[in-house]
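Below: the structure, in structure tokens.
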Amino acid sequence: MPRHTLPDPHDYPSARRSAEHLRREALDDFWRGADAAWARIQLDAGARLTRSTQRLQARLRHRHAARLA
């Protein structure tokens, strides 16, 4: 018997299992990508918040110094 035989086009249970497997793989790929994007967004948001806090503190120090002068 040959090693690589063509799948039986009338084997619906096998085709269904294969389709379900491919669908699961596609969904897993999608969610892996979404999780990675979310992680990048979270890192960027943290960095923006830190910069914003530093800028606000600098402005408050500057205003306080200007008021004392």
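Where a number appears in this text, it was derived from the coordinates with a stated rule and is not lab data. As the structure is a computational prediction, the values presented were derived from the model and not from experiment. Counting neighbours? That spans all protein chains shown, and the Cβs are built from the backbone with ideal geometry, glycine included.
Pick out, from Q54, W31, S14, the residue whose Cα sits farthest towards the positive end of the charge dipole of the chain, with +1 on the Cβ of Lys and Arg and -1 on the Cβ of Asp and Glu. Going by the charge dipole, the pick is Q54.
Please report, in whole Å³, the volume per residue of the convex hull around the C-alpha atoms of the chain.
Working: hull volume 6.6 nm³, N = 69.
Value for the chain: 96 Å³ per residue.
Taking Cα atoms only, the orientation of helix 12-68 departs from the longest principal axis of the chain by about 0 degrees.
For the chain, the set of trypsin sites (Lys or Arg not before Pro) satisfying both a DSSP loop assignment and a count of at most 14 other C-beta atoms within 10 Å is given as R3.
Let me know the charge dipole size of the chain about its Cα centre in debye, to the nearest 20, where only the beta-carbon of Lys, Arg (+1) and Asp, Glu (-1) is charged.
Numbers: 14 positive and 8 negative charges, 221 e Å.
The dipole magnitude comes to about 1060 debye.
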